[in-house]
Each structure stands twice: as C-alpha cells, then as structure tokens.
Amino acid sequence: MTKSARQKRRTPIQGAFYLKHRADCPVVAQADGLTLRYLLPERTAAMDLQEVELSPGTETDGHTAAGEQIVWQILQGAGLMNLGETQFAVVPGDVILIPPAQPYRLTNRSEMALRLNQITTPVPNPS
C-alpha cells in the first residue's frame, strides 16, 4: 500500500474486524535493548500481537512466560535463541513456540536489527 493510500485511511477501521497500519501503532522502548510495537488494541484479551525489535549486538534479559504461550516469527536479522537448555540459531522465516513456564533468551548476532512478530495467548485452563 502506498503512503498516500494509507494517509487516506488514517483513522483505524474497526467493527467486526480491526485494521490499522503498523506505522500508526504505539512503540515502547525497553531497557534490555528491545523495542515493542503493539499491533492490536489493548482490549483484545484473547491474544496479544507485538512487533519486537532487538538492536544489533544486544540480548534480552532472561524471560519466563508464566501462564501464557508465545509464538515468534522471525522477520529480519539473525540471532541465537536459548530455550530452556537448548540453544539454536534463528533466521527470517523461523517460527518458534515458547511453552508456558519455559525460560528463554534471544541474542542478536547480526549487524541489523532483529525483528520478529510475537503472538501471546493465555494458557487455556483444562476443564
């Protein structure tokens, strides 16, 4: 979509669906070198979608996702992922499932920002 077409649609379209351009989504810088862009509105309780960017040569603090599942899709850059006791390289196109309560860390080993989409969902309660 060209910038002029996006400018014509500056107001997010909402209703039974949600449409908003990523450039219009809020960005939050964090202390560990991450930049988060919230792609869905906060009122979406069933899942969260963020674009995450990690600066070259930096790594995240160790995290553990208690009570939620996380899916990452690597979009740009390359890095080293620690998931529990396993370490592996990540490149664009990789999709990683981070189970609940699993410790994880990501290091950007490339000379460009490592960018990924992160989908977070609460773990369903078994009935």
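Values in this text are rule-based calculations from the coordinates and carry no lab data. Given the structure is predicted, the values throughout are model-derived calculations rather than measurements. Here the Cβ is made from the backbone with ideal geometry for all residues, glycine too, and neighbour counts use every protein chain on show.
Note down the nm distance, to one decimal, between modelled labels 7 Å out along Cα→Cβ at Leu49 and at Leu19.
1.3
Sum up the charges of everything whose Cβ sits under 14 Å from the Cβ of Ala31, counting Lys and Arg as +1 and Asp and Glu as -1, but leave Ala31 out.
Numbers: positive: none; negative: Asp32, Glu59, Asp61.
The answer is -3.
For every other residue with a beta carbon closer than 10 angstrom to the beta carbon of Glu53, add +1 if it is Lys or Arg and -1 if Asp or Glu, then tell me the sum.
+1
With θ taken as phi - 60° and the coefficients 6.51, -1.76 and 1.60, list the Karplus ³J(HN,Hα) couplings across segment 71-79 in order, rounded to whole Hz; mark glycine and proline as x.
These are the phi-based 3J(HN,Hα) values: 10, 10, 10, 6, 9, 7, x, 8, x Hz.
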